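The structure follows.
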Amino acid sequence: MKAFNYFAQKGEPRIGVKMNGREYNFTYLWQIYKDFKGAHQIPGLNFLQVMVEMDYFSQENFEEVMSTIQEFRSLNDLVIREDYRLDVPIPRPQKILCIGRNYIAHAKEWKSSVPKEPLFFSKLQSALLPHNGHIVLPAGIGRVDHEVELAVVMGKTASHVSEENVFEFVAGYTIAIDVTARDMQGAAIKKGYPWTLSKSLDTFLPMGPYLIPADAVKDPHNLNLKLTVNGETRQEANTGEMVFKIPCLISHISRYITLQPGDIICTGTPEGTLPIKNGDHIEATIEGMGVLRNKVVEH
Ligand code: MG
């Protein structure tokens, strides 16, 4: 089961759900369900982020809505038949936190050590880019690399969470590419400056296409992830290879920063981070999460 945000033909935002190979207009499904059930507290659901913030985003809830409706009408006329444009799963997260050097082989390829505790930085919300969007390289930016990562979306407010309880606070998972202006980052590090800019250029955070509910993912630490450029495999690994796993990452962050529903944590990239150039077609996949496609263009 996969959920997504999309813009219908007239530009209205909608939630879509993909189940058994068919895509349904969940915003419409929800209206029918709400009317059938009588008064309900949740207003119109047009964005996955609203579902996440209401703590309502789960496979169980999607299935409950669909099976309830199926009892009295066919779902056939609720299949999405129009062309649509995808949006990122969470367009306005309060925070996007990323982990550096969280796969041993990736740390080694940059001749870096693995940090003793998780190394965090942040990317700006304005860098988010949906499926099929163009990664824009400004002229003269130098080397820019791809980094495929598993992104975790928080579902509940989390402060001082212990490692054992972390998954109660997770809403779901998606695919992210932590695009990095490597030359710019290197120059900043050399001077002892922060590297925010090199990580947060516009379009430097492709994400999606789907948000997978946490209860639909058996083990987030046993997922194959892969990135290809023009069909050639550049990165291939398993999320089980992370040095600091999701319980450690969330528990650690939540000691210092209160995480909110919709906040995103990018969990680091495996080895094989290589440059991208004008005209490249990038495909990032994580097992069971679809394919995130983006093209690279030069400004
Ligand atoms: Mg990264």
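The values are calculated or read from the model by the stated rules, or taken from the named source; none is laboratory data. All of these numbers come straight from a predicted model, not from anything done at the bench. All Cβ positions, even for glycine, are placed from backbone atoms using ideal geometry, and neighbour counts span all protein chains on display. Note: accessible area is taken over every heavy atom of the protein model, side chains too, but ligands, DNA and RNA are not part of it. Shrake-Rupley method; radii C 1.70, N 1.55, O 1.52, S 1.80 Å.
For Ile135, work out the one condition from (1) within 16 Å of the ligand (Cβ to nearest atom); (2) open to solvent by less than 30 Å² (accessible area, probe 1.4 Å); (3) under 18 Å from Ile253 (Cα atoms) it doesn't fulfil.
(3)
Also, quick follow-up: Would segment 241-255 turn up any residue that is in contact with a strand residue (DSSP E or B) (Cβ under 6 Å, 6 or more places away or on another chain), part of a strand (DSSP E or B) and either open to solvent by 10 Å² or more (accessible area, probe 1.4 Å) or not hydroxyl-bearing (Ser, Thr, Tyr) (or both)?
No, because not a single residue in segment 241-255 is in contact with a strand residue (DSSP E or B) (Cβ under 6 Å, 6 or more places away or on another chain), part of a strand (DSSP E or B) and either open to solvent by 10 Å² or more (accessible area, probe 1.4 Å) or not hydroxyl-bearing (Ser, Thr, Tyr) (or both).
Only one of these is away from the ligand (no atom under 16 Å from the Cβ) and within 26 Å of Met154 (Cβ to Cβ): Leu223, Leu227, Leu292. Name it.
Selected residue: Leu223, the only one of Leu223, Leu227, Leu292 that is away from the ligand (no atom under 16 Å from the Cβ) and within 26 Å of Met154 (Cβ to Cβ).
Can I ask one more? Kindly evaluate Leu137 against the criterion of being aliphatic (A, V, I, L, M) and under 27 Å from Ile257 (Cα atoms).
No; evaluated as a whole, the condition is false for this residue.
I've got another one for you. Scan segment 262-282 and give yes if some residue there is in a strand (DSSP E or B), open to solvent by 20 Å² or more (accessible area, probe 1.4 Å), away from the ligand (no atom under 16 Å from the Cβ) and at pLDDT 95 or above, otherwise no.
Yes, because at least one residue in segment 262-282 is in a strand (DSSP E or B), open to solvent by 20 Å² or more (accessible area, probe 1.4 Å), away from the ligand (no atom under 16 Å from the Cβ) and at pLDDT 95 or above.
Would you please list the contacts, defined by Cβ atoms under 7 Å and residues six or more apart or on different chains, that run from a residue in segment 96-117 that is in the same structural domain as Thr174 (by TED's automatic domain parsing) to a residue that is near the ligand (Cβ under 9 Å from one of its atoms) and at pLDDT below 90?
Ala107/Arg101; Ser112/Arg101; Val114/Arg101; Pro115/Arg101
Let me ask another. Assess whether Ala237 counts as being within 15 Å of the ligand (Cβ to nearest atom), over 26 Å from Val136 (Cβ atoms) and part of a strand (DSSP E or B).
yes
May I pose another question? Would you say Thr196 is open to solvent by less than 10 Å² (accessible area, probe 1.4 Å) and over 26 Å from Arg22 (Cβ atoms)?
Answer is no for this residue.
If we scan segment 83-96, do we find a residue that is within 16 Å of the ligand (Cβ to nearest atom) and open to solvent by less than 50 Å² (accessible area, probe 1.4 Å)?
Within segment 83-96 (the criterion being within 16 Å of the ligand (Cβ to nearest atom) and open to solvent by less than 50 Å² (accessible area, probe 1.4 Å)), the answer is yes, since at least one residue qualifies.
Kindly provide the set of residues from segment 118-129 that are away from the ligand (no atom under 16 Å from the Cβ) and in contact (Cβ under 8 Å) with a residue 60 or more places away in the chain, ordered by number.
Ser126
Kindly check whether there is at least one residue in segment 30-48 that is under 22 Å from the mean Cα position of the chain (by Cα), acidic (Asp, Glu) and open to solvent by 70 Å² or more (accessible area, probe 1.4 Å).
So far as segment 30-48 goes, no, none of its residues is under 22 Å from the mean Cα position of the chain (by Cα), acidic (Asp, Glu) and open to solvent by 70 Å² or more (accessible area, probe 1.4 Å).
Can you tell me how many residues within segment 97-113 are within 13 Å of the ligand (Cβ to nearest atom) and touching a helix residue (DSSP H, G or I) at 6+ places or on another chain (Cβ under 9 Å)?
Qualifying residue count, segment 97-113: 8.
Next up: How about segment 283-299: which of its residues are open to solvent by less than 10 Å² (accessible area, probe 1.4 Å), closer than 30 Å to Gln59 by Cβ and either assigned to a strand (DSSP E or B) or of a type in the set (S, T, N, Q) (or both)?
Answer for segment 283-299, where residues must be open to solvent by less than 10 Å² (accessible area, probe 1.4 Å), closer than 30 Å to Gln59 by Cβ and either assigned to a strand (DSSP E or B) or of a type in the set (S, T, N, Q) (or both): Ala284, Ile286, Leu292, Asn294.
Just to be sure, is Ala127 of a type in the set (Gly, Ala, Ser), in the same structural domain as Asp280 (by TED's automatic domain parsing), open to solvent by less than 30 Å² (accessible area, probe 1.4 Å) and within 17 Å of Lys295 (Cβ to Cβ)?
yes
Check whether at least one residue in segment 224-233 is open to solvent by less than 30 Å² (accessible area, probe 1.4 Å), closer than 17 Å to Pro130 by Cα and of a type outside the set (Val, Ile, Thr), and report yes or no.
So far as segment 224-233 goes, yes, one or more of its residues are open to solvent by less than 30 Å² (accessible area, probe 1.4 Å), closer than 17 Å to Pro130 by Cα and of a type outside the set (Val, Ile, Thr).
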